[in-house]
Every structure is written in C-alpha cells, then in structure tokens.
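The values are calculated or read from the model by the stated rules, or taken from the named source; none is laboratory data. Note that the coordinates shown come from a computational prediction; the quantities given were computed from them, not determined experimentally. Note: ideal-geometry Cβ built from the backbone for every residue, glycine included; neighbour counts use all protein chains shown.
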Amino acid sequence: MTKESGIVATLMKSWGLAIALVAIGVALSFAHPGFLTVPNLLNVARQISINGILAVGVTLVLLTGGVDLSLGSVVALAGVVAAGMAHPGQYPVAVPIALGVAAGALCGATNGLMVTCGRVPSFIATLGMMTAARGLALVVSKGRPVSNLSPEFTRLGGDVGMVPIPAMVLVGIALVTFVVLSKLRLGRYLYAVGGNAEAARASGINVGAIQMFAYTACGALAGVAGVVLAARITTGQPNAGVGYELDAIAAVVIGGTSLSGGVGTVGGTILGALLVGVINNGLDLMNVSSYYQAIVKGVIIVGAVWLDRNRGKS
C-alpha cells in the first residue's frame, strides 16, 4: 500500500460517512430543487428525531454485545400511556411525560433482567418484549387511538421559533450520552463489557449491572421517543412504531457501531440516522413508491451488516 492510498484509506475510515452524507445531499439537491430549502431541511431534522433518539438508545445495548428488537412496540406503548394521561385539564404535562418514559424504562429493565438473570439471549428476550409491548399498547388503548390531548402536551412535537423541539430533544440526549461514553467510568465499562465480557468480569466490573443499565436506558429513550411521537401526531397510536427498530439498528451500524459489541460512538450514530433520514426524505421528494422505499431500506440494512462484518475483518 502506497503512502497516498494509506492516507485515503485513513480519511475514508474517519470521514467516509460524513463524505457520503454530503455526496448524497449534493446529488439530491440536483435531483430535486426543493431538497436544500430551509423548510425541507427542518423537516428532515424533525423526521430523523424519533429514529435518532431510538438509535442513541440502541447504541448502548449494541456496545454491550446485545440487541433490542422491541423498540417500535415500546414506542407505541409509551405513546398510548402518555396520551391516556394527557387530556386537557387532567394532569400537569410532566405527569404523562414521566409515565411514558417510565413505561419504556420498565420494558427495558424487563429485557435486562431476562438477559442478565434469565440468561435468555437478547434476540429472543427482546423479540418476546416486542410482541408483549404491542399487546399491552392495544390493551391500554382498547385497540383505538388515544386522542384529545392537551395543547401543553402536543407542544412537545412543535417548534421553538423555526427549530423543531423533537430535534432539540435529540441533540440534548446525544450530548448527554456522548459525555457518558467518553468521559465517565460507566462509558468505559460499557465498552469493556462489549469487548470481552469475561475479561471485564475478571477485572471486577459488574457485567450484569452494566447490561441492566444499557437495556433500561434504551427502553427509557424508546419511552421518550414514544412521548415525542404522540405529541407530534397529536394522538397515541397503539399501532405506531412498526419497523422502527430496524431503522434504528441500521442507523447505528451504518454509524460504525459493531454488532459484536465494544466499538461505536454517538457521533457516528447521529450521522447514520442523518444518512437514513436524508435518503428517506429524498425518496419522498421524488415521489418514489413506498413499496420501492421498503426495498431500499432492506438493502440499506443488509449493506450496514455487510459493512460491519467488513470492518471486523480489516
């Protein structure tokens, strides 16, 4: 390998995703004149906020070597729980928000208990939660959308000036998670458990507690996403969130987090979510059929896994 090719390889490894995002943005700006307009860019920020919040949460789980397939169903459950307490004049707005987030955290903690104490593989544990949480959402809502939400609650899905509140929530969550992973001992423990759980245990790290934190935090962030989604669409939908877990996991893996655990950053996750969101927005602008969009998403997910495996061999 020449010096020049080595520099290019290093550059692509460090900045490849950002370069790809810019390249796709430039291509879409030529393909559709409305892409680079301020209203559309704000719409992209609004659209990626839910997936971004979920992606940050599942990053924590993937760092420990696990996976969470229940995200979409937990979003629906948290949304209907929050919406059921958010009718005008019923409770202060903090109550439905707290209950929605708590519902998500409880689902995440249950996943963590099944994985750490029950020794159930995370794929199976969270697959079961995916079905159970969806059923609970239908039970809580009696199978119907929960509407008539207070203006204070629905304002969470609106804007401050021109800036979408959901995007502000995502930025805040991403910053806090970045500090946890890069500056705190807890972050180092998350990487250590994902890199080699047995070595981490031998060094005195409580592996079960770290895994419990990851799943509980992931569930809580799914609860936040559910509350924000309910506020944005002004109703709690028991059928919301179908397929959200796949978009989130794709964004995380595209962003450089390894499915094997121990490798990944929040910055990469946000870039991955932006890339997925920009592609979805571009397809919408060009009036591509939702059927073909599903095919593109499938290709992106498979490509993300292929990239992860390819990174592991390099």
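Points to keep in mind about this one:
- Yes/no for residue 149 being of a type outside the set (Asp, Glu), more than 15 Å from residue 57 (Cβ to Cβ) and touching a residue at least 12 places away in the same chain (Cβ under 8 Å): yes
- Residues of the range 80-93 classified as of a type in the set (Val, Ile, Thr) and in a helix (DSSP H, G or I), total: 2
- Check on residue 161, modelled with pLDDT under 95 and surrounded by fewer than 21 Cβ atoms within 10 Å (Cβ to Cβ): yes
Residue-wise test of (1) closer than 22 Å to residue 245 by Cβ; (2) touching a helix residue (DSSP H, G or I) at 6+ places or on another chain (Cβ under 7 Å).
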{"position": "181", "(1), (2)": "yes, yes"}
{"position": "188", "(1), (2)": "no, no"}
{"position": "191", "(1), (2)": "no, yes"}
{"position": "194", "(1), (2)": "yes, yes"}
{"position": "200", "(1), (2)": "no, yes"}
{"position": "210", "(1), (2)": "yes, yes"}
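- Residue count for the range 116-148, restricted to those that are out of contact with any helix residue (DSSP H, G or I) (no Cβ under 6 Å at 6 or more places or on another chain) and either within 22 Å of residue 49 (Cβ to Cβ) or of a type in the set (Ser, Thr, Tyr) (or both): 3.
- Failed condition for residue 295, given (1) at pLDDT 85 or above; (2) touching a helix residue (DSSP H, G or I) at 6+ places or on another chain (Cβ under 8 Å); (3) of a type in the set (A, V, I, L, M, F, W, C): (2)
- Single condition residue 204 does not satisfy, out of (1) in a helix (DSSP H, G or I); (2) without any contact (Cβ under 8 Å) to a residue 24 or more places away in the chain: (1)
- Of the residues making up the range 183-200, none is within 30 Å of residue 93 (Cα to Cα) and assigned to a helix (DSSP H, G or I).
- Considering the range 51-79, and only residues there that are of a type outside the set (Gly, Ala, Ser), more than 13 Å from the chain's Cα centre (by Cα) and assigned to a helix (DSSP H, G or I), the residue that is surrounded by the most Cβ atoms within 10 Å (Cβ to Cβ) turns out to be 77.
- Some residue of the range 157-175 being within 26 Å of residue 114 (Cβ to Cβ) and either part of a helix (DSSP H, G or I) or charged (D, E, K, R) (or both): yes
- Evaluation of residue 101 against (1) in a helix (DSSP H, G or I); (2) surrounded by fewer than 21 Cβ atoms within 10 Å (Cβ to Cβ); (3) modelled with pLDDT of 95 or more; (4) β-branched (Val, Ile, Thr) (one fails), failing number: (2)
- Out of 105, 86, 125, 94, sole residue that is of a type in the set (Gly, Ala, Ser) and within 17 Å of the chain's Cα centre (by Cα): 105
- Looking only at the range 108-137, residues that are farther than 20 Å from residue 210 by Cα and either touching an Asp or Glu at 6+ places or on another chain (Cβ under 7 Å) or of a type in the set (Lys, Arg) (or both) come to 1 in all.
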